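Student: Got a structure for you, written out below as structure tokens; questions coming shortly.
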Amino acid sequence: MIGQILYALPFLWHGFLITLAVSGLVVVISLVVGVALGVGLVYGPLPLRLAVRIFSDTIRGIPILVLIFFVYYGLPAIGLQLDAFAAAVLALTLFKVAQVVEYVRGAIASIPAGQAEAAKAIGLTFAARLRYVIFPQATRRFLPPFVNGVTDAVKGSALVSLLGVTDLMHAINQVIGRTYDALPLYLLGAVIYFLVNYALSSLSRRLERRYAFIRE
Amino acid sequence: MNDVSKRREFLKFGAAGLATAGLAAAASTTSVRQAAAQASSDSLLRTVLDRGSILVGTGSTNAPWHFENEAGELVGMDITMGRILAKALFDDESKVEFVLQDPAQRIPNVTTGKVDVSIQFMTMSSQRAQLINFSRPYYVEGVALLSRPDAEVKTFDQMKAKGAEARISILQNVDAENSVHAVLPEAQVMQIDTQANVLQALESQRVDAAAVDLSTVRWLVARNPDRYFDAGKQWNTMLYGAALRQGDLDWLSFVNTAFTVGMFGHETALYDKAFKDFFGLEAPARVPGFPTI
């Protein structure tokens, strides 16, 4: 079994890089867009709140598999031609944005109203209230579900192989397709995904400590 | 009405008739011209020739049809058929770009123009032919049962005796269920996503046998007799064809011609070598005279 694993390793490098690229892009873009939309959902004017709410509910209600095929085959109909990699990243990002929006909403909503009122009372502007009072507290509520979402994104990135993108999982399947010896390769896949996600979880614990300055 | 006015009426009628005929003729000339122009510029054949390479949708995870060899190169019978097309188009078998796709994408990628042709061990069926055009078949596959040499139930007759208790894994496909039930009417059918997992189901004893391509059974049993056993039943013939978009007869006709020449004509070297490499068989000799193609 070790022999088969060692044999397979060199064939997986490129796929591993694709998995990292897909996960990285999805996480970074969805963090930026999701936080912006999430703040919009909490503090924005009614039309924006409605739009974000409809977006989030719709996307979260669609199976991610359907979303991937919809982006790849549906968008060309309105003139947006994306290659398989871009389409897969866009679909996974849309899905993740909808989740991040909810994390942000939950994190902000969990900060007692008194905090914002007290900030108002000492004359802070809206931007200053968010920056100095709400966000520092909301961040530590936001981090644990978000890191959970990041590890989900790494694992979910395997779905890109449905569009023929050779990520880690697809590279593993290519070796299996040649050797017809699946179990050692699946084991290897599990170990690699675990290592990546374990590294992320450790990183997140350090981040959480960094934001754990408030004692309740 | 006097004679003069009659004559005028008659002339008017004639003039109107001439005018109509002229218009109709003009219109028909235009449409014929348009049609000719469309046939040449709208056909994928022109697009592919202008592009300088052909986009072939295929997979990379199923030996001996399409898989990566030890050097990481994409090879297999399907890949060879793509190269035969490239050779026919550009006289250069390397002018082909293989677009990796999931089996579920074989039809959508053709209909939405992501690839020029799908060549991915695709069974020709009338349902599929309503969505895409099939090329002429390039291989006749059969189904066979693969079991474990150490299992209690390993021959076809033992499986048949097991009735509804028998479990068979098969690659998910339109006719997968019917295909198994044709020989084991009561057996439970497990449809699985990749050929490797169909075999994995057998190895992890989830099923009594894996229903796989006859060529795969032969290949695996010959390579690993201690792990695989030919249960001794083969049935069905399935035609494998390439999938092309509908409404483009120039392209369909070209692909058919290229395949026919590559399999029966004066350029069979690529096909013969693949047949030998991937199925271990010599392609039958082509006999001059009556065309048996």
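Student: Could you figure out which of (1) surrounded by fewer than 21 Cβ atoms within 10 Å (Cβ to Cβ); (2) in contact with a helix residue (DSSP H, G or I) (Cβ under 8 Å, 6 or more places away or on another chain); (3) assigned by TED's automatic domain parsing to the domain that holds residue B:101 isn't true of residue B:259?
Tutor: (1)
Student: Look through segment B:60-70, keep the residues that are facing another protein chain (nearest Cβ under 8 Å) and in contact (Cβ under 8 Å) with a residue 60 or more places away in the chain, and return whichever of them is farthest from residue A:84 (Cα to Cα).
Tutor: B:63
Student: Within segment B:101-135, can you find the residues that are over 19 Å from residue B:246 (Cα atoms) and either surrounded by fewer than 17 Cβ atoms within 10 Å (Cβ to Cβ) or of a type in the set (Asp, Glu) (or both)?
Tutor: The answer is B:102, and nothing else.
Student: In segment B:71-103, which residues are touching a residue at least 60 places away in the same chain (Cβ under 8 Å), of a type in the set (A, V, I, L, M) and over 20 Å from residue A:179 (Cβ atoms)?
Tutor: Those that are touching a residue at least 60 places away in the same chain (Cβ under 8 Å), of a type in the set (A, V, I, L, M) and over 20 Å from residue A:179 (Cβ atoms): B:81, B:84, B:85, B:88, B:89.
Student: Return yes when residue A:195 is within 14 Å of another protein chain (Cβ to nearest Cβ) and either loosely packed, with under 12 Cβ neighbours inside 10 Å or touching a residue at least 40 places away in the same chain (Cβ under 8 Å) (or both) and no when it is not.
Tutor: no
Student: Now for a separate question. Looking only at segment B:106-121, decide whether some residue is within 14 Å of chain A (Cβ to nearest Cβ), closer than 24 Å to residue B:209 by Cα and of a type in the set (Phe, Trp, Tyr).
Tutor: The answer is yes, given that some residue of segment B:106-121 is within 14 Å of chain A (Cβ to nearest Cβ), closer than 24 Å to residue B:209 by Cα and of a type in the set (Phe, Trp, Tyr).
Student: Looking only at segment A:108-120, count how many residues are without any contact (Cβ under 8 Å) to a residue 60 or more places away in the chain, within 24 Å of residue A:148 (Cα to Cα) and buried (at least 16 other Cβ atoms within 10 Å of the Cβ).
Tutor: 1
Student: Quick check: is even one residue across segment A:135-153 surrounded by 20 or more Cβ atoms within 10 Å (Cβ to Cβ), under 20 Å from residue A:67 (Cα atoms) and facing chain B (nearest Cβ under 10 Å)?
Tutor: No, segment A:135-153 contains no residue that is surrounded by 20 or more Cβ atoms within 10 Å (Cβ to Cβ), under 20 Å from residue A:67 (Cα atoms) and facing chain B (nearest Cβ under 10 Å).
Student: Please tell me if residue B:120 is out of contact with any strand residue (DSSP E or B) (no Cβ under 9 Å at 6 or more places or on another chain) and either assigned by TED's automatic domain parsing to the domain that holds residue B:270 or on the phi < 0 side of the Ramachandran plot (or both).
Tutor: Considered against the rule, which asks whether it is out of contact with any strand residue (DSSP E or B) (no Cβ under 9 Å at 6 or more places or on another chain) and either assigned by TED's automatic domain parsing to the domain that holds residue B:270 or on the phi < 0 side of the Ramachandran plot (or both), residue B:120 comes out as no.
Student: Among (1) more than 14 Å from chain B (Cβ to nearest Cβ); (2) surrounded by 15 or more Cβ atoms within 10 Å (Cβ to Cβ), there is one condition residue A:163 misses while meeting the rest; what is its number?
Tutor: Here residue A:163 meets the rest and fails (1).
Student: Among the residues of segment A:33-49, is there at least one that is modelled with pLDDT of 95 or more, closer than 19 Å to residue A:87 by Cα, surrounded by fewer than 19 Cβ atoms within 10 Å (Cβ to Cβ) and among the aliphatic types (A, V, I, L, M)?
Tutor: Scanning segment A:33-49 turns up at least one residue that is modelled with pLDDT of 95 or more, closer than 19 Å to residue A:87 by Cα, surrounded by fewer than 19 Cβ atoms within 10 Å (Cβ to Cβ) and among the aliphatic types (A, V, I, L, M).
Student: Read through the list (1) within 17 Å of the chain's Cα centre (by Cα); (2) outside the structural domain of residue B:59 (by TED's automatic domain parsing); (3) not basic (Lys, Arg), then give the number of the only condition that residue B:153 fails.
Tutor: Looking at each condition in turn, residue B:153 falls short on (1).
Student: Within 14 Å of another protein chain (Cβ to nearest Cβ) and either acidic (Asp, Glu) or surrounded by 19 or more Cβ atoms within 10 Å (Cβ to Cβ) (or both): does that describe residue B:98?
Tutor: The answer is yes for residue B:98.
Student: Enumerate the helices (runs of 4 or more DSSP H) found wholly within segment B:36-121, keeping only those where 1 or more residues are within 23 Å of residue B:197 (Cβ to Cβ).
Tutor: Correct list: B:77-90, B:106-111.
The values are calculated or read from the model by the stated rules, or taken from the named source; none is laboratory data. Being a predicted model, the structure only gives us computed values, none of them experimental. Positions of Cβ are backbone-derived with ideal geometry, glycine not excepted, and every protein chain shown enters the neighbour counts.
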